[in-house]
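These notes concern the structure reproduced below.
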Amino acid sequence: MKCPPFSYHRATDVADAVAALGAADGEGKILAGGQSLVPLLALRLARPAVLVDVNRVPGLDGLVVRDGVLHAGALVRHLHLAGQDHHPLAAEAARWIGHTAIRSRGTLAGSLAHADPSAELPAVLRACDGAVHVAGPGGTRRLGADELFVGALQSSLAETEMITGVELPVPDAWGFAEFARRHGDFAIVSVAAARFGDRLRVVVGGVAGVPHLVDPGDLATCDGGLSADRVAILAAAAADDVDPPSDLHGSAGYRRALTEQMTARALTQLAGHRTPEAA
Ligand SMILES: Cc1cc2nc3c(=O)[nH]c(=O)nc-3n(C[C@H](O)[C@H](O)[C@H](O)COP(=O)(O)OP(=O)(O)OC[C@H]3O[C@@H](n4cnc5c(N)ncnc54)[C@H](O)[C@@H]3O)c2cc1C
C-alpha cells in the first residue's frame, strides 16, 4: 500500500523542528530512522499531515559518559549503541533489535518515543532508571523513564515535543536475556537487569503495556551476592509479579514461564558481568 499524502519539512535545528510540529497543529510527526513510522504510514495506520525530518539536525548523534551516566543524542542509531562499550547493557540490548538494515537506520529516541512494550531499549531505559530530555514550544523538560511510558505505543510526549537526548546511568553490573521466535523478531519476553551499588533493578518487556519494573520487595538488595539459589528465588518472584496478556504469540502462562527463565538467565549473566570501569 502507498503512504497517505503528507507535507515534508527537513528541520535545520531543534527549534525549527519544534516550530514545524507546532505549526502542524497536532498533525505533525517526527521522522527519525523511519523504521516504525514508515511501515505505519504504508499500512495507513498513521496519517500525519506533516513529516518533520530531523535526520539533518546537527549535534544529536553523540555519545559521552559523564559522572557514570551515558548521555546519548536522540539520533544515535541502534548500530552505534550496539558497537560502543561505555554502556554494555545498552550495547547488548541494541544487538537484539531487528536486523542490520533496521539497526543502521533506527534511532534511540525513535525507539523510546514509539514506546513498543516489546522493544529492547525502553526496557533498558527503565532498568537503568534513565531519562529523556525533551524540547517543546514551552522550553525543555526532563522526563524519567517511569513518566515517559504510559501504555502500549503511548508515551507522555506532547505532539509538539521532541526528544533531544537520553540519559542512561551506567550500572555496576548487568544482564540481558530475550526470547523471540526467530532472530530479529520483537521479543516475546525480554529481561534487562541492572545493579547499582547493592540495588537490583529488573525490568521485563513484553508482559504489559509498558516495560514492567519488577517489585521484589526485600529481594531488591544484592548485598548478599547472587548465588544460584538467590537467582532462582528472584526469578520466581519476577514471574509472580507480572500479569501478562495472552495473544497470538503465547498464553499468559507461557509468558510468565518465560519471565522466570529469562530473569534467571539475565541475573546469572549479571552475577558475572561487571561494567569494565566498575570492575
Ligand atoms: C522488520 C523490523 C523489525 C524490527 N525489530 C525490532 C526489534 O526487534 N526490537 C525493537 O526494539 N525494534 C524493532 N524494530 C523497530 C526499530 O527499532 C525502530 O527503529 C524504532 O522502533 C523506531 O526508531 P526510528 O528512529 O526508526 O523512528 P521512526 O520510525 O522515525 O519514528 C517512530 C516514532 O517515534 C517518533 N519519534 C522519532 N524520533 C523522535 C524524537 N526524537 N522525539 C519524539 N518523537 C520521535 C516518530 O514521530 C514516530 O512516532 C523493527 C522494525 C522493523 C521494520
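Scan the stretch 225-250 and report the pairs whose first residue is in contact (Cβ under 8 Å) with a residue 24 or more places away in the chain and whose second residue is among the acidic types (D, E) and not in a helix (DSSP H, G or I), with Cβ atoms within less than 9 Å and a gap of 6+ or a chain change.
D241/D215
Search the stretch 76-104 for residues that are over 19 Å from A177 (Cα atoms) and at pLDDT 95 or above and pair each with any residue that is within 11 Å of the ligand (Cβ to nearest atom) and among the aliphatic types (A, V, I, L, M) when their beta-carbon atoms are under 6 Å apart and the residues are at least 6 apart or on different chains.
Sorted first by the residue in the stretch 76-104, then by its partner, the pairs are V76/L108; S104/L79.
I'm checking my understanding of the structure. Among residues of the stretch 141-195 that are assigned to a strand (DSSP E or B) and among the aromatic types (F, W, Y), which one is farthest from L108 (Cα to Cα)?
F179
Consider S104 carefully, then state whether it is in contact with a helix residue (DSSP H, G or I) (Cβ under 7 Å, 6 or more places away or on another chain) and more than 8 Å from the ligand (Cβ to nearest atom). Spell out how you get there, then give the answer.
Values: in contact with a helix residue (DSSP H, G or I) (Cβ under 7 Å, 6 or more places away or on another chain): yes; more than 8 Å from the ligand (Cβ to nearest atom): yes.
Yes; evaluated as a whole, the condition is true for this residue.
Suppose the filter is under 23 Å from the mean Cα position of the chain (by Cα), more than 17 Å from A208 (Cα to Cα) and at pLDDT below 95; does A271 pass it?
yes
Against the condition within 11 Å of the ligand (Cβ to nearest atom), crowded, with 16+ Cβ neighbours inside 10 Å and not hydrophobic (A, V, I, L, M, F, W, C), how does E159 come out, does it pass? Walk me through it before giving the result.
Working: within 11 Å of the ligand (Cβ to nearest atom): yes; crowded, with 16+ Cβ neighbours inside 10 Å: no; not hydrophobic (A, V, I, L, M, F, W, C): yes.
For E159, the condition - within 11 Å of the ligand (Cβ to nearest atom), crowded, with 16+ Cβ neighbours inside 10 Å and not hydrophobic (A, V, I, L, M, F, W, C) - is not met.
If you take the residues in the stretch 84-101 that are out of contact with any helix residue (DSSP H, G or I) (no Cβ under 7 Å at 6 or more places or on another chain) and near the ligand (Cβ under 8 Å from one of its atoms), which one is nearest to L121 (Cα to Cα)?
Filtering the stretch 84-101 for residues that are out of contact with any helix residue (DSSP H, G or I) (no Cβ under 7 Å at 6 or more places or on another chain) and near the ligand (Cβ under 8 Å from one of its atoms), the one nearest to L121 (Cα to Cα) comes out as G98.
Considering only the stretch 115-136, state which residues are surrounded by fewer than 21 Cβ atoms within 10 Å (Cβ to Cβ), within 14 Å of the ligand (Cβ to nearest atom) and not small (G, A, S).
Matches in the stretch 115-136: D116, H133.
When the stretch 39-64 is examined, which residues are found to be in contact (Cβ under 8 Å) with a residue 24 or more places away in the chain, near the ligand (Cβ under 10 Å from one of its atoms) and touching a strand residue (DSSP E or B) at 6+ places or on another chain (Cβ under 8 Å)? Talk me through it step by step, then tell me what you get.
We begin by selecting, within the stretch 39-64, every residue in contact (Cβ under 8 Å) with a residue 24 or more places away in the chain; these are 41-44, 47-58, 60.
Still in the running and near the ligand (Cβ under 10 Å from one of its atoms): 41, 48, 51-55, 57, 60.
Correct list: P48, L51, V52, D53, V54, N55, L60.
The values are calculated or read from the model by the stated rules, or taken from the named source; none is laboratory data. On a predicted model such as this, the values are computed, not experimentally measured, just so you know. Please note: Cβ atoms are built from the backbone with ideal geometry, for glycine as well, and neighbour counts cover all protein chains shown.
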